[in-house]
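In what follows, a single structure is set out as structure tokens and then discussed.
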Amino acid sequence: MSTRSTQTSSVRDRTPVREHWASRAGFIAAAIGSAVGLGNIWRFPYEAAGHGGSAFLIVDFIAILLIGLPAMLAEFAIGRRAHRNVIDAFGAGGRMWKLAGVLAAVSAFWVVSYYSVVGGWVIRYLLESPSGAYFSNPAVHFTGAASGMDAVFFTSVFMFITIGIVAFGIERGIELATKLMVPAIVVLMVALAVYAATLSGAGAGYEYFLEPDFGYILLNADTLIPAAVGEVLFTLSLGSGIMITYASYVEKSESLVADGLAVVIVNTLVGYLAGLIVFPLLFAQGVKPGEAGAGAIFVSIANAFRTLPAGEVLGVVFYLVVLIAAVSSAISLLEIPTAYFVDNFPIPRPIIAGVIGLGAFLLGVPSALDMATLELFDSVASEVLLPIGIFLVTVFVGWVYGREAMAELGEGLHERLLPRCWLWHVRIVVLVAVGMTLVISIVSFTDINVVQWLS
Ligand code: PHE
């Protein structure tokens, strides 16, 4: 008995105390910071405008509550139960399940490689706004800025900032940064939306964004629903182990349900707010909303700034918001592989974050040199890696780790029925919806990238 206890305590002595959030608000801020990103500011308003306006917002909201929130709670439950990084957390299901964790960590590494390229563009545009450098011809300017050695340089600056925050760790790095960043995003976006409302074309912009088209939804339900589910999973940062890892730093057994609700509500409101900024800005200047995609905020929006009074100031505020949103998502991505090595090897966190960040930067160089490569990286992530990741989470929680996950979700809740209903909901509704999204995504990916390449 005494030998055993000595052994245990010596093991404990050698294992450094695992980091944790200093406060519940810190965990929520970090999760919101991860969820709110380029996806909300550009992709979401366009998806809505192109798919039935305010009618789409209703479908989207239902998808968030029925699929996004339960799936996020699944990641939270796995993470807080394990108090470990994503690879070891999946390891609770056996050796084969560790591979699911490896896939998630690889996905995060993959995404941060090209996310940083876009982050680099944002830094450049922020620096160029005071002089209006991109005003004379936004489309040509963007083509020059997007790919090449300049883009590689700005990618490295963005990655450097990301590594810097992750190196400081959970409490002093990610928590502190996101507690400042998330309120800043909301305040600046409200200010931009108020400004946008004063523009003369604002009404037409709102109409474009919000005009309800229920007919569209009824006629296109078969493609629209999987598209909405896919968008919800992406915008909530699910499928790459982020919410698993972040929840693993939660010490106390408070209600994960309330935390999850806070994250999805703020994330959704930020998307709505983005629509209320982007469309009035474009319509006020008679700029046609261009095609969706990462490049578009650098062309159509930049074009609107060119013609607006004090466009330079607007440019600074707008790109600052985008930069903060992008950094707070990138740190969550870099943290996933970092957490695995911090948990398992006695190497200082700054070195681990630096080496992994450098590796991701090198993987991102081809995307910084060629836009088509960046788009391919994005398709592989959003249509293959992340859908597979979230599908595995759903199977794991639904059919392998169900009891443990249910018990974890019940912590801090006075309600006994809710965790049970949630588990059955994950087992059936979420699993079917996520499975359908996975099949449709992979079919579309193969169609676009493989079939066309072969023919
Ligand atoms: N949720 C982020 C956004 O909306 C994107 C993201 C996806 C970040 C997956 C991390 C992982 O921009």
Check your understanding: What is the one condition in (1) over 27 Å from Glu175 (Cβ atoms); (2) within 16 Å of the ligand (Cβ to nearest atom) that Ser54 does not satisfy?
Key -> (2)
Check your understanding: Does any residue in the range 371-392 that is farther than 16 Å from Val102 by Cβ and of a type in the set (S, T, N, Q) come within less than 6 Å, Cβ to Cβ, of a residue that is more than 10 Å from the ligand (Cβ to nearest atom) and at pLDDT 95 or above six or more places away or on a different chain, and which pairs are these?
Key -> Thr373/Pro366; Thr373/Ser367
Revision key, fill the gap. Log entry, pairs with first residue in the range 98-124 being closer than 15 Å to Ile356 by Cβ, second being open to solvent by 20 Å² or more (accessible area, probe 1.4 Å) and within 11 Å of the ligand (Cβ to nearest atom), beta carbons closer than 6 Å, six or more apart or on different chains, reads Ser107/Leu385
Point to revise | Pair list, Cβ under 7 Å, 6 or more apart: the range 222-241 residue more than 10 Å from Thr437 (Cβ to Cβ), other residue more than 14 Å from the ligand (Cβ to nearest atom) and outside any helix (DSSP H, G or I) | key: Leu224/His51
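Only one residue in Trp97, Trp110 is within 15 Å of the ligand (Cβ to nearest atom), open to solvent by 30 Å² or more (accessible area, probe 1.4 Å) and not small (Gly, Ala, Ser). Which one? First the steps, then the outcome.
Details: Trp97 fails: within 15 Å of the ligand (Cβ to nearest atom).
Among Trp97, Trp110, only Trp110 is within 15 Å of the ligand (Cβ to nearest atom), open to solvent by 30 Å² or more (accessible area, probe 1.4 Å) and not small (Gly, Ala, Ser).
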Check your understanding: Does any residue of the range 349-368 turn out to be open to solvent by 50 Å² or more (accessible area, probe 1.4 Å), at pLDDT 95 or above and either under 16 Å from Val257 (Cα atoms) or assigned to a loop (DSSP other than H, G, I, E, B) (or both)?
Key -> no
Check your understanding: Which helices (runs of 4 or more DSSP H) does the range 35-138 wholly contain that include 2 or more residues that are touching a helix residue (DSSP H, G or I) at 6+ places or on another chain (Cβ under 9 Å) and closer than 30 Å to Ser300 by Cα?
Key -> 44-50, 54-63, 95-128
Review point. Of all residues in the range 141-191, which are open to solvent by 50 Å² or more (accessible area, probe 1.4 Å), in a helix (DSSP H, G or I) and more than 29 Å from Ser131 (Cα to Cα)?
Key: Glu171, Arg172, Leu176, Lys179
Check your understanding: What residue, of Ala100, Ala151, is at pLDDT 95 or above and under 30 Å from Ala25 (Cα atoms)?
Key -> Ala100
Exercise for review: Of the numbered conditions (1) open to solvent by 30 Å² or more (accessible area, probe 1.4 Å); (2) at pLDDT 95 or above, Ala330 fails exactly one; give the number of that condition.
Suggested key: (1)
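Table: residues versus (1) more than 16 Å from the ligand (Cβ to nearest atom); (2) on the phi < 0 side of the Ramachandran plot; (3) assigned to a loop (DSSP other than H, G, I, E, B); (4) not aromatic (Phe, Trp, Tyr).
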site	(1), (2), (3), (4)
Val264	no, yes, no, yes
Ile297	no, yes, no, yes
Arg306	yes, yes, no, yes
Pro309	yes, yes, yes, yes
Gly315	yes, yes, no, yes
Leu323	no, yes, no, yes
Pro337	no, yes, no, yes
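Please state which one of Leu417, Leu409, Leu385, Leu413 is over 30 Å from Ser129 (Cβ atoms) and open to solvent by less than 10 Å² (accessible area, probe 1.4 Å). Reasoning before the result, please.
Numbers: Leu417 fails: open to solvent by less than 10 Å² (accessible area, probe 1.4 Å); Leu385 fails: open to solvent by less than 10 Å² (accessible area, probe 1.4 Å); Leu413 fails: open to solvent by less than 10 Å² (accessible area, probe 1.4 Å).
Selected residue: Leu409, the only one of Leu417, Leu409, Leu385, Leu413 that is over 30 Å from Ser129 (Cβ atoms) and open to solvent by less than 10 Å² (accessible area, probe 1.4 Å).
Matching residues to (1) within 15 Å of Met72 (Cα to Cα); (2) in contact with a helix residue (DSSP H, G or I) (Cβ under 8 Å, 6 or more places away or on another chain):
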| residue | (1), (2) |
| --- | --- |
| Ala372 | no, no |
| Glu375 | no, no |
| Asp378 | no, yes |
| Pro387 | yes, yes |
| Ile390 | yes, yes |
| Val393 | yes, yes |
| Arg403 | no, no |
| Leu409 | yes, yes |
| Glu415 | no, no |
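In the set Val229, Val250, which member is over 30 Å from Asp370 (Cα atoms) and either among the hydrophobic types (A, V, I, L, M, F, W, C) or part of a helix (DSSP H, G or I) (or both)?
Numbers: Val229 fails: over 30 Å from Asp370 (Cα atoms).
The unique qualifying residue is Val250.
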Practice item. Please state which of the following conditions Ser34 fails to meet, knowing it meets all the rest: (1) within 13 Å of the ligand (Cβ to nearest atom); (2) open to solvent by 10 Å² or more (accessible area, probe 1.4 Å); (3) of a type in the set (S, T, N, Q). Key: (2)
Check your understanding: For Ser129, which of the numbered conditions (1) under 30 Å from Asn85 (Cα atoms); (2) of a type in the set (S, T, N, Q); (3) more than 20 Å from the chain's Cα centre (by Cα) fails to hold?
Key -> (1)
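The values are calculated or read from the model by the stated rules, or taken from the named source; none is laboratory data. Worth saying up front: this structure is predicted, and the values here are computed from it rather than measured. Because the Cβ atoms are built from the backbone with ideal geometry, glycine has one as well, and the counts that use them run over all protein chains shown. Heads up: the accessible areas ignore ligands, DNA and RNA and are worked out on the full protein's heavy atoms, side chains in. Shrake-Rupley method; radii C 1.70, N 1.55, O 1.52, S 1.80 Å.
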